[in-house]
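Each remark here refers to the structure printed beneath this line.
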Amino acid sequence: MTTTSNASKSDEVRNAIDRLHSQGRTADQLMAGITDLLNEQMLKYNWVGFYMLETGANPPVLVLGHYRGAMTPHTRIPLNQGICGAAASSGKTVVVDDVHKDSRYLACSLETKSEIVVPVFVHGEVAGELDIDSHFPAAFGDEDRKLIEYCAQLVGKRLESA
Ligand code: SME
C-alpha cells in the first residue's frame with residue numbers, strides 16, 4: 001500500500017464519518033459507527049474500541065465501550081496502568097510502534113504489534129479515549145494519527161452538545 005493510497009483511503013473514511021456526524025447521531029451511535037468504519041475500512045486497524053472514564057469513580061477508571069475485534073480481558077483500566085492509562089492521564093496521544101518494547105503495554109491479543117491511543121476531550125477535560133491495535137508493527141503514521149484524532153474530536157464535540 002502506498003502513502004498516497006493510505007491518504008486517499010483515510011480521506012474516504014473521514015468523509016463517511018463526517019456523514020455519520022452530520023446525520024445527527026448520538027455520541028453513543030457515533031462511537032459505534034466509528035469503531036465499525038475504522039475496523040472495516042482501515043485494513044491494519046485490527047482492534048478498535050472506545051474506553052470512557054466512569055462517572056464519579058474514585059480512583060478514576062476507564063471502562064470499555066463500543067469495540068470491534070477480539071474480546072479483551074481489559075474491560076476496566078485504572079489510569080496508572082497500560083498504554084490506555086498513560087494516554088488518559090497525560091491527555092496526549094500515545095503511539096507505540098512495537099508494543100513488546102513498551103513496559104506499560106497490557107496485552108490484549110498475542111497478534112498485536114503496534115497501538116495508538118487518542119484521548120477524547122469534553123470541555124477541555126479527558127472523558128475517554130479511542131484505542132486501536134494493529135497486527136502490523138509501526139502501523140500508525142501521521143495520516144493515521146490525524147484520522148484517529150479527528151474521530152476522537154468529533155466524539156468529544158458530540159458529547160459536549162449532549
Ligand atoms: N493494550 C492496552 C489495553 C487495551 S487492549 O489493547 C484492547 C493498554 O496497554 O493499555
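The values are calculated or read from the model by the stated rules, or taken from the named source; none is laboratory data. These numbers were taken from a predicted model, which means no experiment stands behind them. Glycine gets a Cβ as well: all are built from the backbone with ideal geometry, and neighbour counts include every protein chain shown. In case anyone asks, the SASA skips ligands and DNA or RNA and just uses the protein heavy atoms, side chains included. Shrake-Rupley method; radii C 1.70, N 1.55, O 1.52, S 1.80 Å.
With respect to residue 104, is the statement that it is farther than 23 Å from residue 80 by Cβ, of a type outside the set (Asp, Glu) and modelled with pLDDT of 95 or more true?
For residue 104, the condition - farther than 23 Å from residue 80 by Cβ, of a type outside the set (Asp, Glu) and modelled with pLDDT of 95 or more - is not met.
Quick check on this structure: which one of 118, 126 is more than 10 Å from the ligand (Cβ to nearest atom), part of a strand (DSSP E or B) and touching a residue at least 40 places away in the same chain (Cβ under 8 Å)?
126
So the check is Cβ under 9 Å with 6+ separation or different chains; which pairs have a first residue in segment 71-92 that's buried (at least 21 other Cβ atoms within 10 Å of the Cβ) and a second one that's among the hydroxyl-bearing types (Ser, Thr, Tyr)?
Final answer for the pair search is 77/51; 82/105; 83/105; 84/51; 87/93; 88/51.
Any idea how many residues of segment 129-144 are part of a helix (DSSP H, G or I) and surrounded by 15 or more Cβ atoms within 10 Å (Cβ to Cβ)?
Qualifying residue count, segment 129-144: 2.
Being within 12 Å of residue 87 (Cα to Cα) and either small (Gly, Ala, Ser) or touching an Asp or Glu at 6+ places or on another chain (Cβ under 8 Å) (or both) is the filter here; which residues of segment 116-162 pass it?
Scanning segment 116-162 gives 116, 117, 118, 119, 120, 127, 128, 131.
Return the total of residues in segment 59-69 being near the ligand (Cβ under 10 Å from one of its atoms) and either open to solvent by 60 Å² or more (accessible area, probe 1.4 Å) or modelled with pLDDT under 95 (or both).
Summing the residues that are near the ligand (Cβ under 10 Å from one of its atoms) and either open to solvent by 60 Å² or more (accessible area, probe 1.4 Å) or modelled with pLDDT under 95 (or both) in segment 59-69 gives 1.
Yes or no: segment 25-33 includes at least one residue that is closer than 15 Å to residue 145 by Cα and either surrounded by 17 or more Cβ atoms within 10 Å (Cβ to Cβ) or modelled with pLDDT of 95 or more (or both).
The answer is no; no qualifying residue exists.
Assuming residue 6 fulfils every condition listed in (1) in contact with a Gly (Cβ under 8 Å, 6 or more places away or on another chain); (2) modelled with pLDDT under 95; (3) more than 20 Å from residue 134 (Cα to Cα) apart from one, which condition is it?
(3)
What residue, among those in segment 39-75 that are assigned to a strand (DSSP E or B) and either among the aliphatic types (A, V, I, L, M) or more than 14 Å from the chain's Cα centre (by Cα) (or both), is farthest from residue 155 (Cα to Cα)?
Among residues in segment 39-75 that are assigned to a strand (DSSP E or B) and either among the aliphatic types (A, V, I, L, M) or more than 14 Å from the chain's Cα centre (by Cα) (or both), the one farthest from residue 155 (Cα to Cα) is 61.
Please verify whether segment 39-56 includes one or more residues that are among the hydrophobic types (A, V, I, L, M, F, W, C), touching a residue at least 24 places away in the same chain (Cβ under 8 Å), closer than 25 Å to residue 10 by Cβ and open to solvent by 30 Å² or more (accessible area, probe 1.4 Å).
Yes, there is a match, as at least one residue in segment 39-56 is among the hydrophobic types (A, V, I, L, M, F, W, C), touching a residue at least 24 places away in the same chain (Cβ under 8 Å), closer than 25 Å to residue 10 by Cβ and open to solvent by 30 Å² or more (accessible area, probe 1.4 Å).
Which members of segment 78-115 meet the condition of being within 11 Å of the ligand (Cβ to nearest atom) and touching a Pro at 6+ places or on another chain (Cβ under 7 Å)?
Correct list: 78, 79, 85, 87, 88, 114.
Taking residue 110 and the conditions (1) modelled with pLDDT under 95; (2) open to solvent by less than 80 Å² (accessible area, probe 1.4 Å), which numbered condition does it fall short on, given that it satisfies the others?
Evaluating residue 110 over (1) modelled with pLDDT under 95; (2) open to solvent by less than 80 Å² (accessible area, probe 1.4 Å) leaves (2) as the failure.
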